[in-house]
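To start, the structure itself, in structure tokens.
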Amino acid sequence: MKPFRLSRVRPLPAGILASLVCAVLLYAYAEAFFETQREQFFDALTQWVPAPQSGDIVVVDIDRKSFLSAPDRNWDRTQTADLVARLTAGGARAIAVDFIFSTACDATEASNTALAKAITGAPVVLGFLIADVAADHPVPVPPLAVRKPVAIPDLWFIDGAEASCSFLMKASRSAAAAFLVGDEDSRIRRVQAFSIIGNDAYPALGVEAARLADGGRTPILGGQPAWLRLDRRIIELDEDGSLRFAASPATAIAARTVSAGDVVSGAVAASRFAGKVVFIGSSLPNLGGLRATASMPLEPSVQIHADIANAILTDFIPRRDGRLPLFEAIFTLIGGILTALVATRLRPVTSAALGVLAIGLTTATAAGVYATTAWLLDAVSISIMLLVVLVTTSTLQFARVKRAESAARSKFSQYLPQSVVARYIDDPDADRAAGEERPVTALFTDIESFSTLSQRLPPRELVTLLDIYYAEVNGLVARHGGMVDKVVGDAVHAFFNAPEDLDDHVNKAIDCAEAIRSLTEEMRTRPLFAQNGFGRTRIGIETGMAVLGEVGAGGKLDYTAHGDAINLAARLQEANKFLGTSICIGPEAAIQSGRPLRSLDMQDIRGFGTMELFTIDA
């Protein structure tokens, strides 16, 4: 059986299969696996796309300013009674109180009498908190009609409640649940629409305030999953009976909030409250519950109740529609297939860029859907799945391309230098390597007395020395930007500015020659080289126009350069023998280098005539 190889898997079919698997997994398991990431994205989404703000909501904050302006700097029930009376006189349609007056329940005490009187004359909703033990049911119980069939969520049933003093409760218009339960990360994103104690159902404080602001008609509960009808509004609840809301930004909170001290002092006009639903609470830690929301890490609970009412009154309630999981799965399948096609047709960088763009478009689509419908599209899970498809397809495509590239490099390296093969593979749009005329600086090396050394050493030992020599010398050529064209016996033929452009190639060749001289002289001192009398390296350099390309037909091709400068560089390497130098530089290279070189005077070079040669002092 052949071993499994990733490169043998066809990328496109694998990408399509990955898209199908991701779509199925998204539909079946995304709600569980990506819950935290999804909720954090929904938090961000509700802040990116601001929810509409109702002009019918005012929050009265019993803040530090209120305490400082109260008699004896102590805000008590007398001041609260005065506040409620002023709001009533201003024409408030409903007043929702986010305080629990559960202690000091002496009905004859003056402040309690004043508060009860103020509550009696106003449409006040008093909240209660959840309790572990059964107690008297809060009163009055708000009206509720039930249309069967209806699915009552288990979450709604509670054991008991901590409510305000009974005489205050009886004086109010209705009782409502003011407690808030956070998600696993303690953030408040939703509220259970109703709380049921025994046979009595109590709406959330924000829900009851919105009902009173909307005319106070009897709401209707029905459906599986449950829905709630308030007057003309149909509120579809989550499967667990929760009502999600969008936390208002700090600017919206500031715009709808006034200080209780300013209300009592008359600094706020009474007309501000006419026909409005007013929430009374506190931003002080010792009075109001500060809870984490998508808007801020510590938001007063009264503002959260106001946000719930705002969601109902503006008819903009963020929710996960039951049809969304199927839509998201189909979106993932189609998007995954397109991603797989892109990954197999385009270059990896382009594919990655388009993948990022696809994720951005998914996020933008989610924002657009939320802005128009208040539906929460799970862009996080979709993006993760598309990323999985992209990575899967790209990895397989990369493995397939690398396999083909490796085969091509191995095959063509038999005919061309590796740098030329790399040029063609890495830049397939490059011109063919035949008949290219360009300025080239040639560098030829030779090892002194190599023939004697080769006769004296056994072949294995000689090859060991040459392997070290060529590895380090060729490495220097590459580091200086040159290309080793070939190694012939003990000689290295290298070109600079071929096959690719190299700025200041003459000086780079001269620098390389100096580096080779330093390296090989140090190499000769190494024990293995010194004990065998390894000769010094002679180097010839010249520059000029040359024709580069593939030479040969019907057999092994040779990529090389042809021109007078190439042949002269070979002669200059030989000229070191009678000149007593290790580096010999031709006249054209000396001129183009622009650096100070030591002249070797006029010399006669076989086949080229008399010319001035140059060298570099060691």
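Readers should treat all values here as calculations from the given coordinates under stated rules, not as data from a laboratory. Worth saying up front: this structure is predicted, and the values here are computed from it rather than measured. A quick note on method: Cβ atoms are made from the backbone with ideal geometry, for glycine too, and the neighbour counts reach across all protein chains shown.
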(request) Show that you can apply the helix-only estimate: for the chain, add -39,500 (n - 2.57) for every DSSP H stretch of four or more residues, divide by all residues, and state [θ] at 222 nm to the nearest 500. (result) -14000 deg cm²/dmol
(request) Identify, among Val258, Tyr29, Ala371, the residue whose Cα sits farthest towards the positive end of the charge dipole of the chain, taking +1 on the Cβ of Lys and Arg and -1 on the Cβ of Asp and Glu, with the dipole about the Cα centre. (result) Tyr29
(message) Under the rule a/c < 1.5 gives rounded, and otherwise a/b versus b/c splits prolate from oblate, where does region 506-618 land using the Cα gyration tensor?
(response) oblate
(request) Assuming 0.890 mPa s and 25 °C, estimate D for the chain with Stokes-Einstein, Rh taken as the Kirkwood radius over Cα pairs, in µm²/s. (result) 77
(request) Return one number: the angle in degrees, 0 to 90 and rounded to the nearest 10, between the long axis of the Cα atoms of helix 301-313 and the longest principal axis of the Cα atoms of the chain. (result) 90
(request) Please say if region 418-615 is rounded, prolate or oblate, where rounded means a/c under 1.5 for a ≥ b ≥ c the square roots of the C-alpha gyration tensor eigenvalues, and otherwise the choice is prolate for a/b larger than b/c and oblate otherwise? (result) oblate
(request) Take a quick pass over the chain and tell me how many lysine pairs come in under 25 angstrom between Cα atoms, counting only ones 8 or more apart or on separate chains. (result) 14
(message) For the ranges 123-133, 207-217, what's the packing order if you count other beta-carbon atoms within 10 Å of each residue, average per peptide, and put the highest first?
(response) 207-217, 123-133
(request) Give the cysteines in the chain for which no other Cys Cβ lies under 4.7 Å away, or write none if there are none. (result) Cys22, Cys512, Cys584
(request) For a quick protection proxy, order the peptides 234-240, 297-303 by their average other-Cβ count within 10 Å, most packed first. (result) 297-303, 234-240
(message) How much length would be gained if the chain were fully extended between Ala399 and Thr610, taking 0.36 nm per residue of separation minus their Cα-Cα distance, in nm to one decimal?
(response) 70.2 nm
(message) If you fit an axis through the alpha-carbon atoms of helix 459-479 and take the longest principal axis of the Cα set of the chain, what angle between them do you get, 0 to 90°, nearest 10?
(response) 60
(request) Rounded to the nearest 10 degrees, what's the angle between the helix 11-33 long axis and the longest principal axis of the chain, both from Cα atoms, 0 to 90? (result) 30
